[in-house]
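The values are calculated or read from the model by the stated rules, or taken from the named source; none is laboratory data. It should be emphasised that the depicted structure is a prediction, and the values quoted were computed from it without experimental measurement. We place every Cβ from the backbone using ideal geometry, glycine too, and count neighbours over all the protein chains shown. Remember, those area values only see protein heavy atoms, side chains included, never the ligands or the DNA or RNA. Shrake-Rupley method; radii C 1.70, N 1.55, O 1.52, S 1.80 Å.
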Amino acid sequence: MSRTFKLTIAYDGTEYAGWQVQPQQPTIQSMLERAFLNIVKEPVMVTGSGRTDSGVHAIAQVGSCTLTHWRSSAESLGAALNTQLPPDIVITHCVDAPDAFHAIRDCIGKRYRYQLQSGGVRGVFDFRYRWHIKFPINVERMQEAASVLLGEHDFACFQAAGSDRKTTVRNVRDCVVVREPVQPNDGVLVAIEIEANGFLYNMVRNIVGTLIDVGRGKQDVAWVQHVLASGDRTLAGPTAPPHGLFLLQADYAPFA
């Protein structure tokens, strides 16, 4: 009898070409599917809640898969997978799910976090996980600009080319810019968190680049409103680099 599982997966994306399987390149999905093959001795496809890009990290990515011959507990499956995975990919939780559960189709929202450092000396133990910018930024102005994005809008201006969607309308439930309490080497650590019912390709990184333009004084808050209304990607800010981005959580309705 087949069983469907919901996996919660954490990973450091530095060494990987994103989530999705790609020829001749290491990816998160390919590492997971190799681990399954080693354990159950048959091909298993793992579906992720979203295809994180090359260099992007995850605290709680969600995957779904179906096995035909696994008889032990879901917890033991997660433990077995961890013995076959590299140290920068970990199954943090594994549970039985309804047969129809699908990590993409059933996802009702996600939350991302982008980390950056303004000024100061680049942290040698943090350089993989923060975008280091040399110029000062005004965090309060960035938060004011972030509030413009709240609610349901057409976010076409923040969608990168290469992944067309049926609609570019999304509902941003939360968008905050916070100064973190620890400020090393005269620098300022900043976190930007965005939660929505769905995201377009590179939407978070393009929003971050736009907020940075406001924070450094290149643009004002009214410009963000203009960009959002325009639907024109060329008017928005640059795409922030991938290494500062984390998928914090993917949300689902509780299992019945």
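Assorted remarks:
- Beta bridges from DSSP with both residues in region 116-256: antiparallel share about 80 percent, rounded to the nearest 5.
- Mean projection of the Cα convex hull over all viewing directions, computed for region 74-170: 10.7 nm².
- Over the chain, Cα pairs under 8 Å with separation of 6+ residues give a relative contact order of 24 percent.
- Region 72-126: mean projected area of Cα convex hull, nm²: 6.6 nm²
- Using Cβ point charges alone (K and R +1, D and E -1), the dipole size of the chain about the Cα centre works out to roughly 260 debye.
- Across all directions, the shadow cast by the convex hull of region 11-143 built on its C-alpha atoms averages 10.5 square nanometres.
- For region 49-65, putting each phi into the Karplus relation 6.51 cos²θ - 1.76 cosθ + 1.60 with θ = phi - 60° gives couplings of 5, x, 9, 4, 6, 3, x, 7, 9, 9, 8, 8, 5, 10, x, 10, 7 Hz, in residue order, rounded to whole numbers and with x for Gly and Pro.
- Bridge type composition, the chain - antiparallel percent by DSSP, nearest 5: 90 percent
- D (Stokes-Einstein, µm²/s), Kirkwood Cα radius, region 144-206, 1.002 mPa s at 20 °C: 164 µm²/s
- Amide N proximity, region 211-237 versus ASP154 label position 7 Å along Cα-to-Cβ, cut-off under 19 Å: 223-237
- Reciprocal mean inverse distance between Cα atoms of the chain - Kirkwood radius, Å: 19.3 Å
- The order of MET1, MET31 by accessible area, most exposed first and with a 1.4 Å probe, is MET1, MET31.
- Average accessible surface area per residue within the chain, 1.4 Å rolling probe, Å²: 48 Å²
- Estimated distance in nm for a label pair at VAL121 and THR66, the labels positioned 7 Å out from Cα along Cα-to-Cβ: 5.6 nm
- Percent carbon-and-sulfur accessible area, region 34-167, ignoring ligands, DNA and RNA, probe 1.4 Å: 55 percent
- 10 Å Cβ shell holding at most 11 others, DSSP loop, trypsin sites (Lys or Arg not before Pro): longest site-free stretch of the chain: 167-217
- Label point distance in nm, ASN171-MET45, each placed 7 Å from Cα along Cα→Cβ: 3.0 nm
- Two-site FRET efficiency, ALA222 against ASN197, from Cβ-Cβ distance with R₀ of 25 Å, rounded to 0.05: 0.40
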